[in-house]
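> There's a structure below that I have some questions on.
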Amino acid sequence: MSSSSGPTALPSHPDARIDGADTPFSRFLRVDVVRFRHRLFSGEWSGERFYDVLRRGDAVAIMLYDPDRDSVVLVEQFRLPALYAGLSPWQIEPVAGLVDKDESYETVARRESREEAGIEPIGELIPIQRYMPSPGDSDEAVMLFCGRVDSCGAAGIHGLPEEHEDIRVVVKTVPELEAMVEAGQIETGHTLIGCYWLLRHRDCLRREWLSG
């Protein structure tokens, strides 16, 4: 996962009045303490509120699907926050990364596919959904794609050494992945969204991609 150049400036909205923001912490993650008011359902304005916002910015994830082998290329890596949540720190996820300044979502998806899985998506990427994983505390928004790949030979350990990445490629057939979902073995939001989308659209993808 590449480093982000930082989230965008605070936005404006007719239902919000942002009085100011301080940044007491900024490293890989950044926290803003925001002073704001917002319009109430009654039409009146709230009193001044203070809120801690984790400024994460834009991210991209991509489901890498091989229609010929009916398989998905995923990655496994150590996730310390999962340990704090009482889950296994070894999480299986789609390739993902943060968006650097002036990069398109598709550029990030292709770059991260090469860096994390050693694989290049074939043809156009299919946009699935842009969504917020945790709107109650973070501004992170994830753009999720599906991309066609050839999973033959997809294997090994990848990642950027300078970022201490140690990422293992995991290839699962769609029936295997579906069984993992049913057993509760997929525990991250973007992975679940991508899996459910793929299970719903798998037949359509195979007809479209295998007919050419």
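The values are calculated or read from the model by the stated rules, or taken from the named source; none is laboratory data. Please read all numbers here as calculations on a predicted model, not as lab measurements. All Cβ positions, glycine included, derive from the backbone under ideal geometry; neighbour counts span all protein chains shown.
> From the list E162, E176, E182, E124, which one is more than 17 Å from the chain's Cα centre (by Cα), more than 29 Å from E208 (Cβ to Cβ) and free of Cβ contacts under 8 Å to residues at least 12 places away in the same chain?
Of the residues listed, the single one that is more than 17 Å from the chain's Cα centre (by Cα), more than 29 Å from E208 (Cβ to Cβ) and free of Cβ contacts under 8 Å to residues at least 12 places away in the same chain is E162.
> If the requirement is being β-branched (V, I, T), surrounded by 14 or more Cβ atoms within 10 Å (Cβ to Cβ) and either assigned by TED's automatic domain parsing to the domain that holds A179 or at pLDDT below 95 (or both), which of these qualifies: I128, I157?
The unique qualifying residue is I128.
> Kindly list the number of the only condition in (1) within 30 Å of R55 (Cβ to Cβ); (2) modelled with pLDDT of 95 or more; (3) surrounded by 16 or more Cβ atoms within 10 Å (Cβ to Cβ) that fails for E165.
(2)
> Would you say Y51 is over 17 Å from E116 (Cβ atoms), of a type in the set (S, T, Y), in the same structural domain as S134 (by TED's automatic domain parsing) and surrounded by fewer than 16 Cβ atoms within 10 Å (Cβ to Cβ)?
Answer is no for this residue.
> Considering only residues that are over 26 Å from R30 (Cβ atoms) and either in contact with a strand residue (DSSP E or B) (Cβ under 7 Å, 6 or more places away or on another chain) or free of Cβ contacts under 8 Å to residues at least 40 places away in the same chain (or both), look in the stretch 131-154 and name the one that is surrounded by the fewest Cβ atoms within 10 Å (Cβ to Cβ).
Restricting to residues being over 26 Å from R30 (Cβ atoms) and either in contact with a strand residue (DSSP E or B) (Cβ under 7 Å, 6 or more places away or on another chain) or free of Cβ contacts under 8 Å to residues at least 40 places away in the same chain (or both), the top hit is G153.
> Given the options P94, P67, P89, name the one that is more than 16 Å from the chain's Cα centre (by Cα), modelled with pLDDT of 95 or more, in the same structural domain as R200 (by TED's automatic domain parsing) and surrounded by 14 or more Cβ atoms within 10 Å (Cβ to Cβ).
P67
> I'd like the residue in the stretch 185-199 that is closer than 27 Å to F28 by Cα and in contact (Cβ under 8 Å) with a residue 12 or more places away in the chain and, out of all such residues, is surrounded by the most Cβ atoms within 10 Å (Cβ to Cβ).
G194
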